[in-house]
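Worksheet: one structure, shown below.
The values are calculated or read from the model by the stated rules, or taken from the named source; none is laboratory data. Worth saying up front: this structure is predicted, and the values here are computed from it rather than measured. Using ideal geometry, Cβ is built from the backbone for each residue, glycine included, and neighbour counts are taken over all protein chains shown. Note: areas computed on protein heavy atoms with side chains; ligands, DNA, RNA excluded. Shrake-Rupley method; radii C 1.70, N 1.55, O 1.52, S 1.80 Å.
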Amino acid sequence: MSQPSLAAFEERLAASKVEIEALTQETLNLYRQVNLLYRIGESMNACLSPEDVGQLVLRESCKILRATSGRIVLDDGVTLGTRPEVVESELQVPIENAHGHLGVVTIFNKRNGFFTAADEKLIRAVARQAGIALENNRLIQGLLAKNRELERLNEELKAVDQMKSDFVSNVSHELRTPLASIKGFAATILADDEMPPEIQREFVGIINDESDKLSVIINDILDISKMMSGHMKFDVRPAPLESVVYDVVKLLNMLAERKGLALTFDLIDPAMILMDSTRISQVLKNLVGNAIKFTDTGGVRLTQWLEGDHVCLAVEDTGEGIPEDHLPYIFEKFYRVENVVHTKEGTGLGLALVRTIVDHHHGTIDVRSRPGEGSTFTVRLPLALPPGDAEVSRAEAHPDR
Ligand code: ADP
C-alpha cells in the first residue's frame, strides 16, 4: 500500500480546517439566533411596552442579521426606527398574533442580495415572538386597568360601608331622642295622679309632637328602602305646581315663624305639570324644611317661574350655606355635612329622596351655595302643556278659582 504523500495530507488538513471554521461560524450564528429568540421570548414575561418590544426587536435583529437598520410600524400608530436613504436589500415580515395583524417589521442593508432564506426564517420567528410579547402587554395592561377599577370599587364600597355605619348611628340617635322624650313625659303623667289637666295636656301635646317626628323618620327610612328596591309608586296626574307650593308654605310657616324667619312665595308664572302631588309635596317639604333648619336669621324665599317648556322652582335661604367640597355629595343617601358632630336633627335621607322623586318626574335639581351666605336649590320640571295652554287648562281643572 502506498503511503499518502505529505502534500495530500496537508491538503486534507487545510480542507478540514475550513470545514471546522464554517461549522464554528454556523454554531456561533445559531447560538446568536437562539439567544435573540430567547431574549425576545423573555420580554413576553416582562410586561414591556410596545415601544420597548419594538426597540428590542430592532436592536437585536439588526445585530444578528448584520442589517444596516430596521423599522417597525405598528397598526396602532407607533413607528420605530428609520429607512436608510440607500437600500439594496430588505426583508419585510408581518407582526401577528392569534387576534390578527399588529404591524410590520422591515430590516435593510445597503448591499444587493444580502439577506438569505435563513435570515427571513429568523426574522419571521422574531416577529412571531414580538406579536406574543405585544399581546401579553395588552393583556397585562387590561389586567392592571381592571385591578385599578377593582381598587376604586373597593374604596367606594368602604365609603358606602362607612356611610351605612354613620347612618345607623344617626338613625339610632334620631329615634332615641323623641322616644326618650315620649317615655319621659308618659312616665311623668302616669306617676302623678294629681297632675293638673292643663299640664297633662301640655305633656300629651309634646308626646304627640315627638311621635310625629318619629313617624317622619320612619317614613323616610321606608321610602328610601322602597327607592333602593325600585318599588316606589307614583300616581302622576296633571296639576298646578303652585297649589302644592302654597300648601307646603302654609304648613311650614309656623316652623319658620318659631325661628323668627320670613317664609315667602313669589309666584311669577303658574305652571301645569304632570306630577304625583304627594311626592312633589315631599320634595318641597324637605327643601323648605332644610332651608328653615339651616337658617338662623333672615328668611326663606320660594320663587316659581317658566323657562322654555319647563317650570323652575327655587328655594333660597340666608342660612349657614354648604362648603363647596361637600356640594357634590349632599344628594347621596346618608350624607350629611355634619357627619361627625350632630347639632341639627336629620338622617341624611331627605335630599336623596328629593333627587329620586325629581328624577321620576323627568326633572333636574341643582344647588348653589356659599358658606355663611345661604343656599339656593332649584328644581326644574317639564310642563304638562305648552306655556300658553297652561292657564286655560288650570282654569278647567279648578273652575271655582
Ligand atoms: P338631613 O336629614 O341631614 O337634613 P338631607 O339629605 O336633607 O339630610 O341633607 C343632607 C345635608 O345637606 C344636610 O345634613 C346638610 O348638611 C346639607 N344641607 C341640605 N340643605 C341645606 C341648606 N338649605 N343649607 C345648608 N345645608 C344644607
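Residue-wise test of (1) within 15 Å of the ligand (Cβ to nearest atom); (2) within 21 Å of V236 (Cβ to Cβ); (3) among the hydroxyl-bearing types (S, T, Y).
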{"residue": "K259", "(1), (2), (3)": "yes, no, no"}
{"residue": "L267", "(1), (2), (3)": "no, no, no"}
{"residue": "D276", "(1), (2), (3)": "no, yes, no"}
{"residue": "N286", "(1), (2), (3)": "yes, yes, no"}
{"residue": "I292", "(1), (2), (3)": "yes, no, no"}
{"residue": "V300", "(1), (2), (3)": "yes, no, no"}
{"residue": "P328", "(1), (2), (3)": "yes, no, no"}
{"residue": "F331", "(1), (2), (3)": "yes, no, no"}
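If you check R336 against the conditions, is it modelled with pLDDT under 95, within 30 Å of the chain's Cα centre (by Cα) and within 13 Å of the ligand (Cβ to nearest atom)? Yes. Quick one: is T68 of a type in the set (S, T, N, Q) and either open to solvent by 80 Å² or more (accessible area, probe 1.4 Å) or modelled with pLDDT of 90 or more (or both)? Taking the combined requirement at face value, the residue does not satisfy it. Looking at V87, V105, V78, V126, just one residue is modelled with pLDDT under 90 and surrounded by 19 or more Cβ atoms within 10 Å (Cβ to Cβ), and that residue is V126.
Considering the conditions (1) open to solvent by 80 Å² or more (accessible area, probe 1.4 Å); (2) within 16 Å of the ligand (Cβ to nearest atom), E194 is excluded by exactly one of them, (2). Apart from one condition, D366 fits all of (1) modelled with pLDDT of 95 or more; (2) within 12 Å of the ligand (Cβ to nearest atom); (3) not aromatic (F, W, Y); the exception is (2). Considering (1) of a type outside the set (D, E); (2) touching a strand residue (DSSP E or B) at 6+ places or on another chain (Cβ under 9 Å); (3) at pLDDT 90 or above, the lone condition that T297 does not fulfil carries the number (2). Just wondering, is there one or more residues in region 99-114 that are touching a residue at least 40 places away in the same chain (Cβ under 8 Å) and in a helix (DSSP H, G or I)? No, region 99-114 contains no residue that is touching a residue at least 40 places away in the same chain (Cβ under 8 Å) and in a helix (DSSP H, G or I).
Taking region 154-176 as the range and being open to solvent by 70 Å² or more (accessible area, probe 1.4 Å) and either without any contact (Cβ under 8 Å) to a residue 40 or more places away in the chain or over 46 Å from the mean Cα position of the chain (by Cα) (or both) as the test, the residues that pass are N154, E155, E156, L157, K158, D161, Q162, V168, R176. Applying the set (1) touching a residue at least 60 places away in the same chain (Cβ under 8 Å); (2) surrounded by fewer than 17 Cβ atoms within 10 Å (Cβ to Cβ) to K250 leaves exactly one unmet item: (1).
Residue-by-condition table, conditions (1) in contact with a Phe, Trp or Tyr (Cβ under 9 Å, 6 or more places away or on another chain); (2) open to solvent by 30 Å² or more (accessible area, probe 1.4 Å); (3) under 24 Å from Y38 (Cβ atoms):
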position: A98; (1), (2), (3): no, yes, yes
position: N112; (1), (2), (3): no, yes, no
position: L122; (1), (2), (3): no, no, yes
position: G131; (1), (2), (3): no, no, yes
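Determine whether E135 is closer than 21 Å to E26 by Cα and either among the charged types (D, E, K, R) or surrounded by 22 or more Cβ atoms within 10 Å (Cβ to Cβ) (or both). Criteria not met by E135.
Among the residues in region 136-148, are any at pLDDT below 90 and under 30 Å from P84 (Cβ atoms)? Yes; the residues of region 136-148 include at least one that is at pLDDT below 90 and under 30 Å from P84 (Cβ atoms). Just to be sure, is E90 touching a Phe, Trp or Tyr at 6+ places or on another chain (Cβ under 7 Å) and assigned to a strand (DSSP E or B)? Taking the combined requirement at face value, the residue satisfies it. Count of region 215-243 residues, restricted to those that are open to solvent by less than 30 Å² (accessible area, probe 1.4 Å) and within 35 Å of the chain's Cα centre (by Cα), is 6.
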